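Chemist: Below is one structure. I have some questions about it.
The values are calculated or read from the model by the stated rules, or taken from the named source; none is laboratory data. A quick note: this is a predicted structure, and the numbers were derived from the prediction, not measured. Reconstructed Cβ throughout: ideal geometry from the backbone, glycine too, with neighbour counts over all protein chains shown. Just the protein is used for accessible areas: all its heavy atoms, side chains included, with ligands, DNA and RNA removed. Shrake-Rupley method; radii C 1.70, N 1.55, O 1.52, S 1.80 Å.
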Amino acid sequence: MTLRIAQRALGIEPFYVMEIVKEAQRLAAAGKSIIHLSIGEPDFTAPPPVQAAARAAIDAGLTQYTPALGTDALREAIAAHYTDRFRLPVEPERVVVTAGASGALLLAMAALLDRDRSVLLPDPSYPCNRHFAAVFEGHAQLLPCGPETRFQPTAAMIESAWNAQTAGVLLACPSNPTGTSIEAGVLAEIAGYVRARSGFLIVDEIYQGLVYDHKPSTALAVGADVLVLASFSKYFSMTGWRLGWLVAPKALVPTLEKLAQNLFICPSAIAQHAALACFCPEALAIYDGRREEFRRRRDFLVPALRDLGFLIPVVPDGAFYIYADISRFGSNSWDFAFELLRETGVCVVPGRDFGAAQTARYIRISYANRLENLEEAVNRMKRHLSRPARQVVSSQT
Ligand SMILES: Cc1ncc(COP(=O)(O)O)c(C=O)c1O
């Protein structure tokens with residue numbers, strides 16, 4: 001049998017980062033010590049109250065299907081979290097519990113993006129967003145965003161890129177790979193522009209809770225017509241539990257429910273019962289302590305990397321990423337990342353996955369690793385980058 005692979009699948013690029021991760025694994029197997037600054041997940045796991053709630057759910061047999069939109073208890077707890085953290089009342093009926101923010105992105109794109117229409121995305125941005133559009137035979141329209149706008153678009157940039165095919169805008173705040181947020185005033189302007197064109201605005205707040213320099217805010221404050229994605233993966237340290245949510249305009253919820261029923265039946269029951277414990281005071285205190293730990297790491301790493309010669313034009317205010325310009329060391333971040341890995345064992349992510357515009361200049365450095373490992377990584381990079389005869393070794397790929 002010869003299987004003909006569908007065009008929509010052929011058009012989807014693999015994660016380029018896997019090539020460097022595979023090389024890191026090969027080197028580790030050969031005995032080299034590797035420090036991963038490449039990881040997109042917290043180095044913390046779900047805290048004890050959440051683990052205990054998962055065990056209790058299993059013991060009580062709470063393992064059957066749940067409603068497609070999630071349990072009432074979790075939808076209410078998520079809605080209450082917006083009131084507690086942002087003083088913003090959100091009706092539980094607007095909360096759709098999903099299999100991670102990925103499940104929320106899939107539902108949002110299925111509901112809103114028609115074939116051959118496009119979604120405006122910043123370049124650089126999280127690579128899967130382009131592919132979610134492609135799965136529905138739509139397109140990603142990449143909008144180059146540089147350090148002068150904190151790697152985020154302005155309303156004027158959206159306006160000049162908008163065309164007859166554009167259906168909406170998808171932003172992330174704080175962003176992966178840059179760790180930068182978008183100002184509330186700019187977001188309100190973008191929402192106003194999109195609203196006037198009857199488009200959609202989706203804001204991915206998966207790194208919500210991990211902001212360091214300002215009070216956390218949510219795009220839901222900009223209007224009840226904005227769709228907000230969030231997740232238990234990052235601040236709540238539950239990546240593998242596969243749980244997230246979408247807050248949607250009320251009128252869209254029946255469509256999302258119909259899609260969720262057909263595509264997923266429901267999110268994981270055990271994960272939903274466990275996630276209720278995320279909002280207890282004991283768990284929230286643990287999470288806030290971890291946020292402070294991430295802040296300490298950022299505050300160590302940004303000046304240390306600058307001292308090594310990396311250009312960091314914008315101090316990231318959230319997530320656990322630093323988007324660093326390597327142009328003092330070479331012209332190709334792909335080759336630079338492989339060189340760094342082979343010479344020092346420090347694994348970073350070349351910009352290539354995140355877009356097209358300036359990505360050969362940048363690498364993404366994750367500080368989801370212990371402070372002593374970050375210190376060791378900086379020492380290794382210092383020894384290597386200060387060598388006078390340092391050569392940029394070209395990778396095979
Ligand atoms: C910006 C962004 N959105 C969405 C996701 C998907 O996360 P999850 O499905 O684990 O919630 C990620 C994961 O790294 C991300 O960085």
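Chemist: Which chymotrypsin sites (Phe, Trp or Tyr not before Pro) in the range 19-119 pass both tests, a DSSP loop state and at most 11 other beta-carbon atoms within 10 Å?
Modeler: Tyr65
Chemist: Could you tell me which GluC sites (Glu not before Pro) in the range 159-252 are loop residues by DSSP with no more than 15 other beta carbons within 10 angstrom of their beta carbon?
Modeler: For GluC sites (Glu not before Pro) across the range 159-252 that sit outside H, G, I, E and B with at most 15 neighbouring Cβ atoms in 10 Å, the list reads Glu183.
Chemist: Which of Leu246, Val96, Phe354 sits closest to the plus end of the dipole of the chain, meaning its Cα is farthest towards the positive end, when Lys and Arg get +1 and Asp and Glu get -1 on the C-beta?
Modeler: Looking along the dipole axis, the top candidate is Phe354.
Chemist: Run lengths n ≥ 4 of DSSP H only: what is the helix-derived mean residue ellipticity at 222 nm for the chain, with -39500 (n - 2.57) per run over all residues, to the nearest 500?
Modeler: Mean residue ellipticity, 222 nm, calculated: -12500 deg cm²/dmol.
Chemist: If you don't mind, there's one more thing I want to ask. Nearest 10 degrees is fine. How inclined is helix 17-29 to the longest principal axis of the chain, computing both from alpha carbons?
Modeler: 60
Chemist: Here's something else I'd like to know. Nearest 20 debye, what's the magnitude of the dipole of the chain about its Cα centre given +1 on Lys and Arg Cβ and -1 on Asp and Glu Cβ?
Modeler: Taking the Cα centre of the chain as origin, the dipole is about 760 debye.
Chemist: Let me ask something else. Kindly report the accessible area of the chain per residue (heavy atoms of protein chains, probe 1.4 Å, no ligands, DNA or RNA), in Å².
Modeler: 43
Chemist: Ok, one more. From the square roots a ≥ b ≥ c of the eigenvalues of the alpha-carbon gyration tensor of the range 196-340, which class results: rounded (a/c under 1.5), prolate (a/b over b/c), or oblate?
Modeler: Cα axes put the range 196-340 in the prolate bin.
Chemist: While we're looking at this one, here's another question. HN-Hα J couplings of the range 117-129 from phi, Karplus 6.51/-1.76/1.60, θ = phi - 60°, integer Hz, Gly and Pro as x?
Modeler: After applying 6.51 cos²θ - 1.76 cosθ + 1.60, I find 8, 10, 10, 7, 10, x, 10, x, 7, 4, x, 4, 4 Hz.
Chemist: Keeping all protein chains in place and using 1.4 angstrom, which order do Ile12, Ile322 fall into by accessible surface area, from largest down?
Modeler: Ile12, Ile322
Chemist: Another question, then. Under unit Cβ charges (Lys, Arg +1; Asp, Glu -1), what dipole magnitude, rounded to 20 debye, does the range 19-113 have relative to its Cα centre?
Modeler: My answer is approximately 240 debye.
Chemist: Quick one: pull the percent of accessible area on the range 202-335 belonging to carbon and sulfur, 1.4 Å probe, ligands and nucleic acids left out.
Modeler: It is 56 percent, rounded to a whole number.
Chemist: Take the alpha carbon atoms of the range 1-57, find their center, do the same for the range 268-344, and report the distance between the two centers in whole angstrom.
Modeler: Rounded to whole Å, the Cα centres lie 16 Å apart.
Chemist: Right, here's the next one. Which shape class, rounded, prolate or oblate, goes with the range 1-116 when its Cα gyration tensor gives a ≥ b ≥ c as root eigenvalues, a/c under 1.5 marks rounded, and past that a/b bigger than b/c marks prolate?
Modeler: Oblate is the answer for the range 1-116, as a/c is 1.5 or above yet b/c matches or exceeds a/b.
Chemist: Another one. Would you mind classifying the chain by shape? Square roots of the alpha carbon gyration tensor eigenvalues, ordered a ≥ b ≥ c; an a/c under 1.5 is rounded, otherwise it is prolate if a/b is larger than b/c and oblate if not.
Modeler: Prolate.
Chemist: Continuing with the same structure: For Ser231, which sequence-distant residues (separation of 5 or more, or a different chain) have an amide H within less than 5 Å of its own amide H, given hydrogens modelled in the peptide plane?
Modeler: Distant-sequence amide H within range of Ser231: Trp245.
Chemist: Only Lys, Arg, Asp and Glu count, each charged at its Cβ (+1, +1, -1, -1), so figure out the dipole size of the range 197-336 about its Cα centre, rounded to 20 debye.
Modeler: So the dipole magnitude of the range 197-336 works out to roughly 140 debye.
Chemist: State the answer as a single residue: which of Ser327, Phe294, Tyr367 lies farthest towards the positive end of the charge dipole of the range 275-397, with beta carbon charges of +1 for Lys and Arg and -1 for Asp and Glu, about the Cα centre.
Modeler: Ser327
Chemist: Give the relative contact order (percent, whole number) for the chain; include only Cα pairs under 8 Å separated by 6+ residues.
Modeler: 24
Chemist: For the range 56-127, which whole percent of the accessible surface, found with a 1.4 angstrom probe, sits on carbon and sulfur atoms?
Modeler: After summing per-atom areas, the C and S share lands at 49 percent.
Chemist: What's the extension gain from Glu375 to Ala184 if we count 0.36 nm per residue and subtract their Cα-Cα distance?
Modeler: Contour length minus the Cα-Cα distance gives 65.3 nm.
Chemist: Ok, one more. Choose one of Gln7, Leu143, Ala224: the residue whose Cα lies farthest towards the positive end of the charge dipole of the chain (beta-carbon charges +1 Lys, Arg; -1 Asp, Glu; about the Cα centre).
Modeler: Of the listed residues, the answer is Gln7.
Chemist: If you count the DSSP beta bridges with both ends in the chain, what percent of them are antiparallel, to the nearest 5?
Modeler: For the chain, the DSSP antiparallel bridge percentage is about 45.
Chemist: Can you give the longest stretch of the chain with no exposed loop site, where a site means trypsin sites (Lys or Arg not before Pro) in a DSSP loop (not H, G, I, E or B) with at most 15 other C-beta atoms within 10 Å?
Modeler: That would be 198-327.
Chemist: Work out from phi, with θ = phi - 60° and the Karplus expression 6.51 cos²θ - 1.76 cosθ + 1.60, the ³J(HN,Hα) of each residue of the range 196-211, listed in order in whole Hz, and give x for Gly and Pro.
Modeler: Running phi through 6.51 cos²θ - 1.76 cosθ + 1.60 with θ = phi - 60° gives 5, 9, 6, x, 10, 10, 10, 10, 8, 10, 4, 8, 3, x, 9, 10 Hz.
Chemist: Amide H of Val169: which non-local residues (sequence gap of 5 or more, or other chain) have their own amide H closer than 5 Å, using H built in the peptide plane?
Modeler: Leu120, Phe200, Leu201, Ile202
Chemist: For the range 337-345, what does the Karplus curve 6.51 cos²θ - 1.76 cosθ + 1.60, with θ = phi - 60°, yield as ³J(HN,Hα) per residue in whole Hz, taken in order and with x for Gly and Pro?
Modeler: Ordered by residue, 3J(HN,Hα) equals 5, 5, 4, 4, 5, 5, 7, 10, x Hz.
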